[in-house]
Amino acid sequence: MRVTVMTGSMMSLPLAVVVVLSVLLTGATHAGPEMDPYKILGVTKSASQAEIKKVYKRLAKEWHPDKNKNPGAEDMFIKITKSYEILSSEDKRANYDRYGQTDDTQPYGGGRYGHRHDSFYFDESFFNFPFNSKNHRDFTDSKYTLHFNQYVNDVVPDSYKRPYLIKITSDWCFSCIHIEPVWKEVVQEMENLGVGIGVVDVGYERRLANHLGAHRTPSILGVINGKVTFFHYAVAKEHLRQFVEDLLPQRLVERITDKNDLQFLNSWHEINKPHVLLFDQVPAVPLLYKLTAFAYKDYLQFGYVDQGLSETADLQKQFNINTYAPTMLVFKENVDKPADIIQAKGMKKQIIDEFMSNNKFLLAPRLVNQKLFDELCPVKQFHRRRKYCVLLITGDEETFSFGNQAFLSFASTNIKDVVRYAYVYQRLQQPLCDILMQNKDSAQSQPQVVILERRNAAGKALFKPVTAWNGSEEEKQRLLEELDRIQKDPSILIHDAVLPELNNEFASMFVIRWIYASYDYLSEVIDDILHNNWREMMPLLSLIFSALFILFGTVVIQAFSDSGEETKPKAKDGTKAENGSPGSGSLSRPPKKNFVEVTELTDITYMSNLVKLRPGHMNIVLVLTDASKNILLSKFAKEVYSFTGSLTLHFSFLNIDKHGEWMNTLLEYAQDAMQIDADEEEGGNHKIDYTGYVLALNGHKRYLCLFKPVYTGEDLDSKSSEDEGGASVGRSRSKPNRSRSLSTLQIHHKLDRLGLWMERLMEGTLPRYYIPAWPGLDKISSK
């Protein structure tokens with residue numbers, strides 16, 4: 001028996017191997033010709049890219065489902081598209097030519113997610129993978145398939161009421177198969193909570209994938225308020241649930257305790273909304289409640305009470321809350337008693353939606369914008385019952401509070417299906433009130449009740465002023481009679497008018513909303529920077545690095561340009577000028593500092609401040625002595641202060657007591673300038689006094705402009721003279737009977753015309769004296 005059994009087993013083993021190989025070979029032979037891109041496009045293996053593209057355009061146009069009504073046109077069009085994707089890519093084409101494989105390459109980016117399939121060939125007929133055939137595609141995905149127009153026209157507007165969870169996939173994406181079980185489980189849960197679901201197949205909707213910014217498959221993203229956010233974590237149910245919760249704004253639900261419950265409920269008058277309180281045992285706000293708060297955020301204000309906290313015991317006792325099941329209360333104008341209540345274990349979305357829809361408005365809300373007016377007082381439809389609006393036109397002052405409260409009391413006791421109550425502040429909605437009250441002027445009138453019916457969307461309405469309103473019993477009775485009468489005879493609305501659009505009274509809250517939106521946007525940007533792949537971040541990174549390059553490049557260039565200048569301590573004793581208008585500086589930029597920085601010209605600073613001065617820059621050098629230093633520096637600072645805004649001017653002083661021979665040598669080089677001095681000194685043999693001279697030295701082009709002092713003060717013996725170029729230059733003349741030492745007043749006035757000379761220097765109209773080379777300051781013997 002044993003021998004027989006073993007013999008049978010040994011005989012059945014080769015048979016099993018043959019069967020398996022037959023199945024594999026059958027599947028391979030079946031899959032091979034089914035997806036041969038060359039045969040589908042009808043091109044040879046030597047066809048060029050231009051030929052392939054030309055054939056593809058022709059076939060795509062011929063087999064497009066919108067133009068070809070053949071039942072197999074859609075499948076053929078898909079095959080044509082897939083074939084072109086393979087042959088248009090050199091890598092995919094080479095892979096197919098070498099191995100005959102098409103389904104282990106991802107035609108749309110395709111990250112590997114740590115799984116390698118390069119060594120295996122999976123046949124879809126053997127493993128029943130949903131590849132290459134729309135008929136085999138998973139029903140769950142086909143149910144949620146999105147197209148570009150559908151996304152733009154339906155999903156984006158709807159994302160302002162609920163978030164969307166969208167999967168990016170493709171037929172040849174192996175990694176998509178690994179996440180499929182988790183995706184199905186999450187879809188089932190999220191859809192029951194009210195989250196929108198979408199699937200984008202990049203093989204058919206490449207345009208939509210590019211629009212969403214999805215550059216690989218699989219990808220999961222969320223859409224809320226029209227904005228796209230990518231999921232960056234491991235695909236797990238808990239992570240996807242947290243991702244959906246993080247999409248929602250942070251301030252949807254306020255946590256309520258015994259300390260802030262009255263503040264929360266009493267805000268109905270300010271925000272003009274009912275308030276919803278959810279009592280539950282769990283510490284965290286349920287996701288279903290957050291989604292509900294997002295869907296109805298324009299109509300209701302939401303709060304959450306954690307029944308497990310001791311700080312909420314008084315609230316639970318006040319409203320007799322059952323601790324064994326979640327309880328939801330709606331409060332309107334009366335904060336002591338809920339207007340509606342619902343209590344059940346495992347609340348369903350459909351029940352909550354119905355509960356919210358029935359309590360979207362206060363009993364008598366204030367008309368604060370056109371949107372609320374349109375919903376409270378809808379336009380009459382032919383197939384619907386008439387809807388009438390009872391409108392109280394009143395004021396927001398304290399004197400109107402009694403009448404307003406009486407109107408609210410009337411509305412709460414006379415609820416009718418065909419009647420909506422509302423009030424409006426005349427001061428805030430003056431155009432509407434003027435028409436309904438038929439006022440000739442805009443002066444605030446006595447409160448009045450008006451019944452109206454809107455006839456069309458253009459603003460036409462029929463109305464009738466019913467009674468003045470102070471809240472008396474007679475006025476209430478008159479209004480009640482008119483309501484009974486109008487339901488029997490609508491023709492009593494005898495007035496008609498085109499109502500203006502209401503002012504948005506909450507427009508001032510735009511700044512706060514903008515701040516919140518900016519915060520959310522910055523949070524998304526930071527999240528993208530931390531998680532997005534490099535391809536998605538390249539434009540942003542390029543912009544950031546370009547800005548940094550420009551910024552640091554400018555700093556480096558400025559640092560190198562300033563490195564040749566050795567900055568000395570600011571000149572003391574008079575180098576700071578007063579904040580005045582020291583001379584006419586109309587041709588220079590406004591000063592950037594409130595002082596003038598003057599550097600002494602010595603053998604140390606001589607090279608950087610003169611010989612190696614940058615092209616286009618000039619050094620303005622004041623010649624002085626030890627005795628006249630303080631006086632001349634102070635005057636010099638005042639005269640040149642208005643020119644310190646120029647980046648090409650530098651200011652220095654030269655002590656003639658130390659470097660007297662340098663001045664003589666310099667002017668000897670400039671022969672024209674020395675000729676002027678020689679002519680003037682023919683009558684005397686005394687030494688030239690250079691005190692008060694100012695030199696404008698251009699180190700690069702080796703020329704100078706010369707200013708000679710002129711007296712304009714109290715020295716009556718001094719005279720003015722002009723140089724050859726018409727510059728206001730002059731110099732002190734020595735008289736035989738005059739002392740060599742000049743008075744303080746004379747020294748102070750030596751620079752009186754320096755401001756005018758500086759203006760001509762900036763204009764470029766001063767004569768220039770060129771020299772062959774700059775004399776070395778260190779080689780000149782000092783006095």
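Some values worked out for this structure:
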item	result
Test: T744 is of a type in the set (S, T, Y), at pLDDT 50 or above, closer than 17 Å to I631 by Cα and open to solvent by 60 Å² or more (accessible area, probe 1.4 Å)	yes
Output for segment 33-71, where each listed residue is open to solvent by less than 70 Å² (accessible area, probe 1.4 Å) and either on the phi > 0 side of the Ramachandran plot or out of contact with any helix residue (DSSP H, G or I) (no Cβ under 9 Å at 6 or more places or on another chain) (or both)	G42, S48
Hits in segment 261-276 - residues which are open to solvent by less than 30 Å² (accessible area, probe 1.4 Å) and in contact with an Asp or Glu (Cβ under 8 Å, 6 or more places away or on another chain)	F264
Matching residues in segment 164-186 - criterion: being modelled with pLDDT of 90 or more and crowded, with 21+ Cβ neighbours inside 10 Å	Y164, L165, I166, K167, I168, T169, W183, V186
Out of T648, T644, sole residue that is farther than 18 Å from T602 by Cα and free of Cβ contacts under 8 Å to residues at least 40 places away in the same chain	T648
Whichever residue in segment 405-423 is open to solvent by 40 Å² or more (accessible area, probe 1.4 Å) and among the polar types (S, T, N, Q) and, among such residues, is farthest from the chain's Cα centre (by Cα)	T413
Evaluation of T467 against (1) among the β-branched types (V, I, T); (2) modelled with pLDDT under 90; (3) under 16 Å from R420 (Cα atoms) (one fails), failing number	(3)
Enumeration of residues in segment 277-286 that are out of contact with any Leu (no Cβ under 6 Å at 6 or more places or on another chain) and open to solvent by less than 40 Å² (accessible area, probe 1.4 Å)	L278, F279, D280, V285, P286
Flag for V200 being open to solvent by less than 40 Å² (accessible area, probe 1.4 Å) and touching a Leu at 6+ places or on another chain (Cβ under 6 Å)	yes
Cβ pairs under 6 Å, 6+ apart, first in segment 400-416 and part of a helix (DSSP H, G or I), second of a type in the set (A, V, I, L, M) and buried (at least 21 other Cβ atoms within 10 Å of the Cβ)	F407/L392; L408/A364; A411/A364
Some residue of segment 273-296 being out of contact with any strand residue (DSSP E or B) (no Cβ under 8 Å at 6 or more places or on another chain) and either over 28 Å from M356 (Cα atoms) or among the basic types (K, R) (or both)	no
Matching residues, segment 322-367, being open to solvent by less than 20 Å² (accessible area, probe 1.4 Å) and at pLDDT below 90	A325
Count - residues of segment 287-321 that are more than 35 Å from the chain's Cα centre (by Cα), among the hydroxyl-bearing types (S, T, Y) and open to solvent by 30 Å² or more (accessible area, probe 1.4 Å)	1
Filter result for A94 (open to solvent by less than 30 Å² (accessible area, probe 1.4 Å) and of a type in the set (G, A, S))	no
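Yes/no per residue for (1) in a helix (DSSP H, G or I); (2) touching an Asp or Glu at 6+ places or on another chain (Cβ under 9 Å); (3) modelled with pLDDT under 65; (4) in the same structural domain as S412 (by the TED database):
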| residue | (1), (2), (3), (4) |
| --- | --- |
| L479 | yes, no, no, yes |
| W514 | yes, no, yes, no |
| Y521 | yes, no, yes, no |
| E524 | yes, no, yes, no |
| D528 | yes, yes, yes, no |
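The values are calculated or read from the model by the stated rules, or taken from the named source; none is laboratory data. As the structure is a computational prediction, the values presented were derived from the model and not from experiment. Every residue, glycine as well, gets a Cβ built from its backbone with ideal geometry; the counts of neighbours run over all protein chains shown. Note: accessible area is taken over every heavy atom of the protein model, side chains too, but ligands, DNA and RNA are not part of it. Shrake-Rupley method; radii C 1.70, N 1.55, O 1.52, S 1.80 Å.
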